[in-house]
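What follows draws every value from the coordinates through simple rules; no lab data is involved. Remember, predicted model here, so these are calculated numbers, not experimental data. Glycine also receives a Cβ, built like all others from the backbone with ideal geometry; neighbour counts cover every protein chain displayed.
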Amino acid sequence: MTATVRPKAGAAGVSQTNVRVDALVARMTLDQKIGQMTQPERIHVSPAEVKAFHIGSVLSGGGSCPGRSRPADWVAMNDAYWAASMEEDEDHLAIPLLYGVDAIHGNGNVRGATIFPHNIGLGAMRDPDLIERIGRVTSREVLAAGVEWTFAPTLAVSRDARWGRTYESYSEDPRIVAGYASRIVRGLQDGRMGVGPNGVVACAKHWVGDGGTEAGVDQGDTVVGEEDLRRLHIAPYRPALEAGVLTVMVSLSSWKGAKCHAHRYLIQDVLKGEMGFGGFVVSDWNGIDPLADDYSKAAAMAANAGIDMFMVPETWKSFISGLRTQVERGAVPIERIDDAVGRILRVKSAIGLFDRPRPWARRASNDVEFGSAEHREVAREAVRKSLVLLKNRRGILPLQRDARILVTGRNAHDRGRQCGGFTVEWQGVSGNDAIEGGTSIWEGIREVAPRAVLCEKGGADATREHFDAAIVVIGEKPYAEGLGDIREPAPVRAGAIQPAAGPGVLEPYGDTLELATLHPEDLGTIRALAARDIPVVTVLISGRPLVVNAELSESSAFVAAWLPGSEGAGVADVLFGDCEFHGRLPVSWPADMPGDGDSRSNGTRGTRARALFPLGYGLRMGSLRRC
Ligand code: GLC
């Protein structure tokens, strides 16, 4: 069964779904309609309030997890919300709640989940078939938690590596992003057109131009003209809509100074009108706040621009009363409210939510395949195919399995760091404890190279007499959103502020893309080993291309591993020659730090953002099998 969501059909083509939805909308009070358009965060809403305020959806912000964050804890939480939403009485209509999470590289919130490489690594694979398989595994591990909606895929076209969300983009090339869009949607929604029985609601985001802001500032301003906006940033959404994606999330950024969250032309006219999007549009976290000082007016601006559901994590009660006031004043036509509610109900109907049993009773809940070896093998294949070989002097790679290998570097044995942001916590984690299952890069090496040793202190006393080579795993620590921006050290306001942390301003990652400045210890480790004639194979863990000229120069081989996720063993599969390198750069690699005005967000290459390696670059070791 695959159901699709289409704009309301004409009288002749009225579908059974539309009849059912229209009849339900006709029975709903204004409070019930506005409640259906409201999405609080789980920390700020109880099941009793879901019923009392007729709430249509609840979300988990990154890291906002029930109990011990195991599937059973999530299923229990969702069951309580679902039950409350279905408790019909004289004041409340039974309309099943839709729960949303950021399963953007696997169900990253939940302990023991299969965590895939972040999108920038997947872009290096150039493998749409595998993208669809990743979507199917992700969907199963989301359903296992009793959840039906993921805020993925991100279809950003990242044009400036200074953006803290570069790793959420498949590529700087809209054609690569577009080539994946329909496949990840079909994988997540389990359907060629719309949603199958093992599907979840997918969400194409962030509409539109999030990856094209000036200097890569998160939530900044994308100043391209309309032709470039369509060519670079709108283009990937077309295949996603053709594949039947059911929701679209609005960007926190602006287009030529106008906030996307109030942009009627982009949402109502282009996305829903010209492109015929028939699902519903959801705002981003507190996305309406900057629209007006008067919160009620901000809600009206966003509703009139075409937003249907509102992610209002903490301020949801003010939102409900504010929007009701605006409707009663006539500032928001009731037809706009009915359209929004109709879209939401048609999406819920399209995934069969009205007919699904409660979360506890669903076959997909607590799926024994959650985090299974079979799922992890799909992720490990993605790791292998995502690796990009940038240097291999005198063919040092592949390494021999019986070689005496020194393994060191801050990211060598750290499953948290190799997963990056939106994993267990919003900002990600360091260390191994929180990433249950999977393998660090070191744990993968140890499996295949019996004479390898881990030296977490950098190998200061290692000598050429004792070691044939060193593998040094370096790079970034985890981050998410504006905290990952590379910009002048000025506070940034992140979109999804960690609920526990509360609203505020947050500091960026740093003010340069030069790794030797961000993390000098990495170059120090490489230099110390190279100075003792120990050939160094450097593996870079990062959410983006960095300026690594010094590290490259001192290394015999250099591998871009991006953020590989839980299955670090995929790196050893390639370094020791089980499989050939497959990856090709999904973004051009900078030779130096772009300066102001150099950003390629405007569709053209900046003058100083010279590429050291071009888009598509990637070496091979020789005639090894591809796997
Ligand atoms: C954040 C992000 C968005 C995410 C949402 C919910 O602000 O911009 O990508 O889906 O909040 O966590």
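Things to note:
- Residues SER182, SER85 in ascending order of nearby Cβ atoms (within 10 Å, fewest first): SER182, SER85.
- A P(r) calculated from all alpha carbon pairs of the stretch 543-584, with 10 Å bins opening at zero, reads 23, 50, 27 percent.
- Cα centroid of the stretch 528-576 to Cα centroid of the stretch 107-148, whole Å: 25
- For the chain: Kirkwood Rh in Å [reciprocal of mean 1/r, alpha carbons]: 24.6
- Cβ-Cβ distance of GLU226 and SER15, R₀ of 35 Å, FRET efficiency by 1/(1 + (r/R0)^6): the value works out to about 0.55.
- Shape analysis of the stretch 124-224 yields a ratio of the Cα radius of gyration to the Kirkwood radius, Rg/Rh, of 1.02.
- A cut-off under 12 angstrom between Cβ atoms defines the neighbours of ALA83, and their net charge, with Lys, Arg +1 and Asp, Glu -1, is -1.
- Cβ crowding within 10 Å, taken as a proxy for footprinting-reagent exposure, orders LEU93, LEU406, LEU155, LEU143 from fewest neighbours to most as LEU93, LEU406, LEU143, LEU155.
- Bridging of LYS317 to lysines at a Cα separation below 16 Å is possible for LYS33, LYS51, LYS297, once same-chain residues fewer than 8 apart are set aside.
- Between ASP433 and CYS627, the modelled label-to-label distance comes to 3.6 nm, taking each label 7 Å out from Cα in the direction of the beta carbon.
- Unit charges at the beta carbon, dipole of the stretch 366-419: most positive-side option, HIS375, LEU406, GLN418: LEU406
- Which of HIS413, HIS92, HIS44 has the fewest Cβ neighbours within 10 Å, and the rest in rising order: HIS44, HIS92, HIS413
- Projecting label points 7 angstrom from Cα along Cα→Cβ for GLU90 and SER321 puts them 2.5 nm apart.
- DSSP beta bridges fully contained in the chain are about 20 percent antiparallel.
- Stretch gain in nm, segment TRP360-ARG175, where the contour uses 0.36 nm per residue and the Cα spacing is subtracted: 62.5 nm
- Each Cα pair under 8 Å and six or more residues apart adds its separation to the average, and for the chain the resulting relative contact order is 18 percent.
- Under the convention that each Lys and Arg Cβ holds +1 and each Asp and Glu Cβ holds -1, the size of the dipole of the stretch 272-363 around its Cα centre is about 620 debye.
- On full extension, the segment bounded by ARG68 and ARG401 gains 116.0 nm, given 0.36 nm per residue less the C-alpha separation.
- Helix-only arithmetic for the chain: the sum of -39500 (n - 2.57) across DSSP H runs with n ≥ 4, divided by the residue total, places the mean residue ellipticity at 222 nm at -8500 deg cm²/dmol.
- Alpha-carbon centroids, the stretch 50-105 and the stretch 291-305: separation in whole Å: 26
- Reach of LYS272 by Cα under 14 Å, taken over aspartates and glutamates that are not fewer than 8 positions away in the same chain: GLU242, ASP308, ASP339
- Between LEU615 and ALA292, the FRET efficiency from the beta-carbon distance, with R0 = 56 Å, is close to 0.85.
- Within the chain: Cβ-based charge dipole about Cα centre, in debye rounded to nearest 20 (Lys, Arg +1; Asp, Glu -1): 1460
- Leading residue at positive end of dipole, the stretch 121-169 (Cβ point charges), from PHE151, ILE131, GLY121: GLY121
- Cut-off 16 Å, label 7 Å out along Cα→Cβ of ARG464, residues of the stretch 520-537 by amide N: 527-537
- To the nearest ten degrees, helix 16-27 and the longest principal axis of the Cα atoms of the chain are 60 degrees apart.
- Proximal lysines to LYS256, defined as alpha-carbon separation beneath 20 angstrom and excluding residues fewer than eight positions away on the same chain: LYS205
- Most positive-pole-ward Cα, MET301, HIS261, GLY322, against dipole of the stretch 221-325 from beta carbon charges: GLY322
- Per-selection Kirkwood Rh - the stretch 96-173 (Cα, Å, 1 d.p.): 13.2
- In this calculation the C-beta distance from MET275 to ARG329 is compared with R0 = 45 Å, giving a FRET efficiency of 0.90.
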